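As structure tokens, the structure follows; a few thoughts come after it.
The values are calculated or read from the model by the stated rules, or taken from the named source; none is laboratory data. The shown structure was predicted, so the numbers you read here are calculated from the model rather than taken from an experiment. Using ideal geometry, Cβ is built from the backbone for each residue, glycine included, and neighbour counts are taken over all protein chains shown. Quick note on the areas: whole protein, heavy atoms, side chains included, nothing else; ligands and nucleic acids left out. Shrake-Rupley method; radii C 1.70, N 1.55, O 1.52, S 1.80 Å.
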Amino acid sequence: MSLLEIHDLRKRYGAVDALKGVSLAVERGEFFGLLGPNGAGKSTTINILLGLILADSGTIRIFGEDFATRQTAIRRRMNVAAAFTSLSGVLTVRENLKVYGGIYGVNNLNAKIDELLERFEITDLANRKLQYLSSGQHTRVTLCKGLINDPELLLLDECTLGLDPDIAEKTRRALQEFQREKLTTIIFTSHNMNEVEELCGRIAFLSKGEILRIDTAARIKGLIPQQILEVRFQPGEDLEAVRHLDGGFSPQHTGDSTFRFVLDEPETQLDAIMQRLVQTGARIADLQMTRPTLEDVFIKVARGEI
Amino acid sequence: MRSSLFQELTCSSSAIWGLVYKFVCICYRSLDRIFDIIYWPVISLMLWGFTSTFVSATSSVAGVMEFFLGGAVLWSLFWRAQTDVGTFILEDFWSRNVYNMFASPITSLELFLAIAIIGFLRCVLSFAFLSLLAWLLYAFNIFHIGGLALGAFTTVLLLFGWVIGIVIAALIFRYGLRIQVLAWSVGFLIQPFSCVFYPLESMPRWVQVIAVTLPTTHVFEGLRHAIATGELAVAPLLTALGLTILLLIASLLYFHYALLQAKRLGLLTRFEMA
Ligand SMILES: Nc1ncnc2c1ncn2[C@@H]1O[C@H](COP(=O)(O)OP(=O)(O)O)[C@@H](O)[C@H]1O
Ligand SMILES: [Mg+2]
């Protein structure tokens with residue numbers, strides 16, 4: 001039994017078909033990514049899992065129980081941190097966390113709050129009113145709230161939005177540490193490919209309310225086997241031989257003295273092509289291998305090319 | 001997919017503690033909420049104090065002072081109860097906290113018990129303060145009408161105040177902050193029909209028809225009766241209490257329905273509402 005099972009979830013807002021039958025299963029302890037462009041339906045999925053939005057149809061089982069009828073009990077064991085949401089502005093950071101600690105029934109609350117503030121390096125903000133915090137500080141307080149009850153299932157909706165790169169990096173580290181310590185199951189939405197690739201084991205590609213593919217980042221990238229080799233030669237070299245390189249490499253002349261080779265089977269082809277290039281006698285100035293990114297795959301998958 | 005009403009009726013003391021703690025923090029952190037308890041009731045007390053001083057000096061009707069001041073003190077109790085429920089629920093809208101609040105495991109029952117606790121405390125504070133002030137400024141002792149009568153009047157007013165507050169909050173959940181002004185005006189609409197400062201029989205027929213359906217009318221009629229005769233008219237008060245309890249249940253059901261509707265339409269996650 002999976003920790004979370006979603007079956008054929010559908011949601012329509014007036015004329016907008018936000019989810020067109022989403023099904024997925026997430027196992028205990030997974031760091032699961034929900035990746036997709038803006039408007040794909042990531043937040044809608046998360047909000048339905050929180051009971052903030054009612055789906056039109058479909059079933060959800062969390063911790064083996066039916067979400068629709070056992071919501072209150074299930075929600076005690078979950079939590080969320082989402083961009084653009086806030087806590088009470090007139091309350092201080094500590095007061096806000098105490099409120100949520102009470103709501104989620106947390107034991108040893110003060111110690112828990114201290115631990116979380118330290119984890120996200122905002123201990124000095126404890127007694128500041130929320131309304132006076134910057135958006136990055138705010139985001140981290142929201143994360144503390146999300147971890148207050150040591151949730152078994154944690155939903156993170158674009159939770160690093162608005163953080164500067166340094167803090168975003170620290171925040172990702174803190175989340176990873178937390179996840180390893182507590183074996184939390186995390187569902188992480190983002191439209192940032194690098195972030196998702198770095199953090200998540202499996203990834204679901206969501207586009208226009210449909211899941212296009214679910215797999216690990218490595219295997220998803222394997223969907224595009226090609227790698228691209230770019231070679232720049234020293235200025236003034238005679239490149240006629242390169243242009244007519246045999247062995248079926250079909251070089252593309254892309255700039256003054258630069259050529260591009262698409263390798264369908266890089267492991268076997270790379271050695272052969274390098275030897276031939278050396279034989280031409282043209283002196284090489286620079287080399288670059290480009291591997292496909294998740295983004296490349298995503299674009300191809302979304303266009304139906306894979 | 002349905003979220004059952006039954007789930008909303010469970011409650012945990014720690015969640016209620018969390019919510020009450022939030023409301024208490026809001027009360028002392030926000031100047032508005034302190035003003036609520038002191039400023040507005042005092043203004044109303046001064047207004048009716050001066051009016052009744054003038055009228056009782058120029059009119060032959062007995063007990064004018066008691067009618068007006070008793071009405072003013074009790075009305076502000078109703079007003080306090082009603083606005084507290086509304087503002088404490090809406091506080092989350094104003095600070096964009098609705099998302100996190102309603103994603104948490106709080107149930108409607110916990111929310112209302114917490115609001116009832118804080119609302120009750122604030123009403124007691126406000127009432128004690130006003131009674132004292134009325135006594136100091138105008139030598140008017142509201143406790144003269146008797147403990148039982150006072151207890152009955154305040155209970156009905158408190159509960160009916162909550163009914164109106166719940167309806168206001170439900171309307172705003174369902175239709176968004178853009179109907180705020182309309183929602184709050186529901187409270188104002190009650191006053192002229194409640195016969196706070198004038199007897200029911202002095203009203204035009206059509207007003208009377210509406211007035212008798214309001215629990216508040218029976219309270220203020222009862223107040224004047226108690227002041228004039230020193231007795232408590234029990235039957236109309238019991239009717240008013242019964243009516244109020246029915247309305248309270250209905251308003252809670254309506255709130256539940258409005259919340260469900262808001263979840264269907266995806267309104268709780270639309271931040272431009274706030
Ligand atoms: N509360 C809502 N009311 C109406 N339409 C919504 C609401 N939330 C999302 N939508 C629409 O549903 C689609 C999916 O949105 P969303 O789930 O927020 O996507 P994502 O989080 O992937 O960017 C979008 O077209 C969006 O405009
Ligand atoms: Mg989103």
Query raised in the report: Taking interchain pairs and intrachain pairs at least six residues apart, which have beta carbon atoms under 7 angstrom, with the first residue in segment A:16-38 and farther than 14 Å from residue A:201 by Cβ and the second more than 14 Å from ligand 2 (Cβ to nearest atom) and of a type in the set (Phe, Trp, Tyr)?
Result: A:36/A:205
Requested in this report: Determine if segment A:96-114 includes at least one residue that is more than 9 Å from chain B (Cβ to nearest Cβ), away from ligand 1 (no atom under 16 Å from the Cβ) and hydroxyl-bearing (Ser, Thr, Tyr).
Outcome: no
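Among the listed residues A:243, A:276, A:291, identify the single one that is surrounded by fewer than 16 Cβ atoms within 10 Å (Cβ to Cβ) and closer than 30 Å to residue A:162 by Cα.
Testing whether each residue is surrounded by fewer than 16 Cβ atoms within 10 Å (Cβ to Cβ) and closer than 30 Å to residue A:162 by Cα leaves just A:291.
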Query raised in the report: Counting only residues that are closer than 17 Å to residue A:68 by Cα and more than 14 Å from chain B (Cβ to nearest Cβ), which one in segment A:3-20 is farthest from ligand 1 (Cβ to nearest atom)?
Result: A:3
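Residue-wise test of (1) under 11 Å from residue B:130 (Cα atoms); (2) out of contact with any Asp or Glu (no Cβ under 6 Å at 6 or more places or on another chain); (3) modelled with pLDDT of 85 or more.
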{"site": "B:38", "(1), (2), (3)": "yes, yes, no"}
{"site": "B:41", "(1), (2), (3)": "yes, yes, no"}
{"site": "B:48", "(1), (2), (3)": "no, yes, yes"}
{"site": "B:58", "(1), (2), (3)": "no, yes, yes"}
{"site": "B:62", "(1), (2), (3)": "no, yes, no"}
{"site": "B:71", "(1), (2), (3)": "no, yes, yes"}
{"site": "B:75", "(1), (2), (3)": "no, yes, yes"}
{"site": "B:78", "(1), (2), (3)": "no, yes, yes"}
Query raised in the report: In segment B:240-274, how many are modelled with pLDDT under 90 and open to solvent by 40 Å² or more (accessible area, probe 1.4 Å)?
Result: 4
Requested in this report: Taking residue A:42 as meeting all but one of (1) more than 16 Å from ligand 2 (Cβ to nearest atom); (2) open to solvent by less than 20 Å² (accessible area, probe 1.4 Å); (3) charged (D, E, K, R); (4) under 30 Å from residue A:220 (Cα atoms), write down the number of the exception.
Outcome: (1)
Query raised in the report: Do we have residue B:200 as in contact with an Asp or Glu (Cβ under 7 Å, 6 or more places away or on another chain) and more than 16 Å from ligand 1 (Cβ to nearest atom) here?
Result: yes
Query raised in the report: In the list A:250, A:257, which residue meets the criterion of being at positive phi, not assigned by TED's automatic domain parsing to the domain that holds residue A:216 and not charged (D, E, K, R)?
Result: A:250
Query raised in the report: Which number in (1) within 14 Å of another protein chain (Cβ to nearest Cβ); (2) in contact with a Phe, Trp or Tyr (Cβ under 9 Å, 6 or more places away or on another chain) marks the one condition that residue B:264 misses?
Result: (2)
Query raised in the report: Mind checking which residues of segment A:21-38 are open to solvent by 20 Å² or more (accessible area, probe 1.4 Å), under 15 Å from the mean Cα position of the chain (by Cα) and within 16 Å of ligand 1 (Cβ to nearest atom)?
Result: A:37, A:38
**Report entry** Residue selected from segment A:1-39 under the condition in contact with a Gly (Cβ under 7 Å, 6 or more places away or on another chain) and within 13 Å of ligand 2 (Cβ to nearest atom), by the criterion nearest to residue A:211 (Cα to Cα)
**Finding:** A:19
Query raised in the report: Is there any pair with a first residue in segment A:186-207 that is closer than 17 Å to residue A:174 by Cβ and assigned to a strand (DSSP E or B) and a second that is within 15 Å of ligand 2 (Cβ to nearest atom) and open to solvent by 20 Å² or more (accessible area, probe 1.4 Å) whose Cβ atoms are under 7 Å apart and which are 6 or more apart or on different chains, and what are they?
Result: A:190/A:158
Report task. With the condition kept exactly as written, say whether any residue in segment B:1-23 is surrounded by fewer than 17 Cβ atoms within 10 Å (Cβ to Cβ), in contact (Cβ under 8 Å) with a residue 12 or more places away in the chain, assigned to a helix (DSSP H, G or I) and within 19 Å of the chain's Cα centre (by Cα). Result -> no
